[in-house]
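This report concerns only the one structure given below.
The values are calculated or read from the model by the stated rules, or taken from the named source; none is laboratory data. This structure is a prediction, so every number in the text was calculated from the model and none was measured. Glycine also receives a Cβ, built like all others from the backbone with ideal geometry; neighbour counts cover every protein chain displayed.
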Amino acid sequence: MTIQTNTAGTEADPSRLSTIRRLYFYTITWVSLIAGVNAVAGLIRTLTDVWLTPASAYQVQVGNLMRDTIASSGGLLLVATPIFLLHWRYIRRNLTDAGEIWATLRKLYLYLSVGTGIFLLLTNGIPLVRGIAQIASGDALSGSPIWPSRWLFLVLMMALGTALAQYFDRIAQSDGDHGGEVGWGGTMRRLYQTILGLIGLGLLIFGAAGLLETFWRLVLPLERLGTGDNWWSEPFSNSVAMLVFGILVWRMNWQRWSQLAAANPDEAQTALRRFYLYAGVVGSALAALIPAALLLREILLILFGSGTGTTAELLAKLTMPLAYVPVGILAWRWHWRTVSAEAARHDDELGETPASATIRRLYYYLVAAAGLGMVWFGLVELVQMVLDVVGISGLTTSEGKVWVDPLANGLSLLAVGAPIWAAHWRTVQQVARRDDAGGLAERASLPRRVYLYGVLLVGALMILFFLASVVYRLLLLVMGDPNANLFSTQTAGDIARSAISAILWAVHLLALRRDLRLGAEQPVEQAIVASAEDHRAALTARINSLETELAALRNELADLE
């Protein structure tokens with residue numbers, strides 16, 4: 001009697017086994033790499049201190065601590081190094097396995113390692129440049145934080161970080177699919193470039209604005225930040241260090257990404273690249289608009305005669321906005337022109353991808369929501385000003401005119417928020433009102449639905465809350481409570497806030513009703529077509545990936561023969 005067994009259900013999925021194997025090897029390699037880097041850092045710091053710091057500065061306890069540090073760091077390095085080398089050698093030897101080079105876990109490991117090197121470069125390079133700038137600007141060498149030994153530690157750690165970043169970056173490029181990765185492998189690389197680009201942009205903006213703020217504090221008649229003639233050394237040095245590395249990181253990342261997009265037009269339409277550009281637009285706009293609102297508020301307070309400090313104190317409040325506004329505007333303009341040019345060039349030729357369209361809509365509706373919030377708060381501040389004028393006997397107090405602060409706050413918020421909301425809302429409305437496929441796609445999009453229903457929900461809740469407070473006081477008055485305070489500025493304020501919320505709620509309700517009237521649901525036939533097109537695109541990309549892998553294997557086989 002023959003017993004037949006079904007082994008199909010017991011055989012492990014090869015792809016799943018490969019994933020488990022990669023997870024183990026890349027995880028242990030990553031952990032051993034980080035452990036080795038930390039051990040090297042501890043050894044370098046201790047040895048540079050021993051070498052360059054005068055012996056008289058050490059005591060017995062410090063010497064014992066150094067010996068313990070050398071022993072612990074050396075032991076960790078001796079254990080981590082062979083573990084890393086053995087596992088990394090195995091990984092390098094198995095690159096010929098099917099799909100190994102294109103594996104998502106491999107890309108994640110490589111870009112985490114490159115990021116580790118850049119992290120070392122930034123965290124050690126910025127303090128080094130800051131210390132050098134402080135010495136160059138006249139600070140005493142004896143008081144420098146990088147003297148007598150830390151400068152060498154920072155230089156060596158910068159060299160280590162640069163070497164790590166270059167080594168793993170070369171490996172990523174040598175895989176053969178750099179810039180044309182398929183699936184999650186490409187997502188790992190784009191996520192790395194997005195994070196790196198935003199870090200570089202942030203350093204650049206803060207560094208440039210810090211330099212400009214230091215310049216304003218030098219040329220304007222202000223009360224100085226510190227004692228002595230060299231008070232500007234610290235802010236100047238911090239700004240120089242951030243600006244130098246911000247330009248370095250942002251520029252190198254942008255050049256690399258632009259080269260990849262030029263070689264592969266589909267790269268320019270990916271969701272993460274569009275997200276990076278729109279995030280740059282939003283970040284730059286915030287760097288310009290928030291200080292602009294503060295600047296306008298201070299100017300209005302001065303015009304209304306509410307300034308209570310000295311001229312130097314008033315000017316000191318203006319230095320930060322005057323520094324960030326021009327820098328933010330320049331960065332904002334560059335990113336907006338770049339994203340507009342890419343959209344016009346690639347979307348007109350190839351058509352906008354669904355992912356790019358979603359990122360674009362997220363940008364417009366998020367910014368519109370932020371502008372709408374500023375409009376609401378600005379109108380509320382103006383209502384509060386009117387109530388202060390009408391309801392308070394005597395328009396001044398010991399601290400000045402009570403209506404000036406809400407008036408300045410309200411006007412500054414409206415001056416910034418109203419144009420932002422109007423421009424972005426008008427742009428999306430022009431598309432949504434079209435009676436074509438583009439208008440239907442806009443009306444049926446998830447970001448628009450979330451925005452409209454979100455505004456309606458928040459508006460309804462605010463109307464409910466403020467009117468409930470009014471009705472509460474009315475019922476107290478009807479029941480004979482002498483402290484009902486129905487006829488008060490607080491009641492008037494609640495009614496006004498409800499009215500403002502109702503107006504904004506009605507505007508968006510009308511927009512939603514218009515969407516429903518024009519049609520806000522994508523026809524089933526179009527949805528099927530869109531799904532088929534996405535599936536066809538995914539299959540095409542997979543075929544291209546397999547053809548690339550097959551060509552590489554044939555070349556390797558030819559070399560062996």
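Residue-wise test of (1) more than 26 Å from the chain's Cα centre (by Cα); (2) in contact (Cβ under 8 Å) with a residue 40 or more places away in the chain; (3) under 18 Å from Val249 (Cβ atoms).
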{"site": "Ser113", "(1), (2), (3)": "no, yes, yes"}
{"site": "Ile126", "(1), (2), (3)": "no, yes, yes"}
{"site": "Gln134", "(1), (2), (3)": "yes, yes, no"}
{"site": "Gly143", "(1), (2), (3)": "yes, no, no"}
{"site": "Ser149", "(1), (2), (3)": "yes, yes, no"}
{"site": "Ala165", "(1), (2), (3)": "no, yes, yes"}
{"site": "Asp175", "(1), (2), (3)": "yes, yes, no"}
{"site": "Gly179", "(1), (2), (3)": "no, yes, no"}
{"site": "Thr187", "(1), (2), (3)": "no, yes, no"}
Would you confirm whether any residue within the range 472-483 is surrounded by fewer than 14 Cβ atoms within 10 Å (Cβ to Cβ) and at pLDDT 90 or above?
no
May I ask you to say which residue of Leu414, Leu407 is assigned to a helix (DSSP H, G or I) and over 31 Å from the mean Cα position of the chain (by Cα)?
Leu407
What is the one condition in (1) surrounded by fewer than 21 Cβ atoms within 10 Å (Cβ to Cβ); (2) over 19 Å from Trp332 (Cα atoms); (3) of a type in the set (A, V, I, L, M); (4) at pLDDT 95 or above that Val240 does not satisfy?
(1)
Every residue in the range 219-235 that is surrounded by 16 or more Cβ atoms within 10 Å (Cβ to Cβ) and modelled with pLDDT of 80 or more, please.
Trp232, Ser233, Glu234, Pro235
Is the range 492-504 home to any residue that is touching a Lys or Arg at 6+ places or on another chain (Cβ under 9 Å), crowded, with 17+ Cβ neighbours inside 10 Å and assigned to a helix (DSSP H, G or I)?
yes
Selection from the range 255-269 of residues of a type outside the set (Gly, Ala, Ser) and modelled with pLDDT of 90 or more yields Gln255, Arg256, Trp257, Gln259, Leu260
When the range 426-471 is checked residue by residue, the ones that are in contact (Cβ under 8 Å) with a residue 12 or more places away in the chain, surrounded by fewer than 17 Cβ atoms within 10 Å (Cβ to Cβ) and among the aromatic types (Phe, Trp, Tyr) are Tyr453
So, in the range 170-202, exactly how many residues are in contact with a Ser or Thr (Cβ under 9 Å, 6 or more places away or on another chain) and of a type in the set (D, E, K, R)?
3
Selection count where residues are more than 18 Å from Val249 (Cβ to Cβ) and either within 27 Å of the chain's Cα centre (by Cα) or in contact (Cβ under 8 Å) with a residue 24 or more places away in the chain (or both), scope the range 151-163:
4
Are any of the residues in the range 85-99 modelled with pLDDT of 95 or more and within 34 Å of the chain's Cα centre (by Cα)?
yes
